[in-house]
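Just below is one structure, and these are the notes that go with it.
We did not get these values from a lab; they are worked out from the coordinates using the rules stated. Keep in mind that what you see is a predicted model, and the values were worked out from it rather than measured. With ideal geometry, Cβ positions are generated from the backbone for all residues, glycine too; neighbour counts draw on all protein chains shown.
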Amino acid sequence: MAPKPLEILRKGLNRFSKKIKGRKDTLTLKLSHKESISSADERWLDHEANTVEEERVLHDLEQASDYERGLERLDEDGKVIVKQLKEWAGDLMKVAGKKRKREDFM
């Protein structure tokens, strides 16, 4: 049986959270001890390591009466987040580019 779409999205968020956990915990510990961190680390915590939007999209889709209907109601940012979660889950292959296949002419 194929996994349900919401299970795939949860899997993607869990994988990403596990991937960033070590660095995020280290930086959070430094901040709690009033140590300074680099501006790059601050930006990383505020943007890449911040999963609030991903959690919001997942919550919105869980609350929808139907997954497809919930997906239709998402804005463009939400749809991009869904795509990213699928990539993190390994369910969606990253698009390598639009290479043309070479045609042999006789």
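What to note about this one:
- Partners of LYS11 within straight-line reach, counting aspartates and glutamates whose Cα lies under 13 Å from its Cα and excluding those fewer than 8 residues away in the same chain: GLU54, GLU55, GLU87, ASP91.
- In nm, spacing of pseudo-spin labels at GLU55 and ASP75 (7 Å Cα→C-beta vector): 2.0
- Selection of GluC sites (Glu not before Pro), the range 15-52, meeting DSSP coil and at most 11 other Cβ within 10 Å: GLU35
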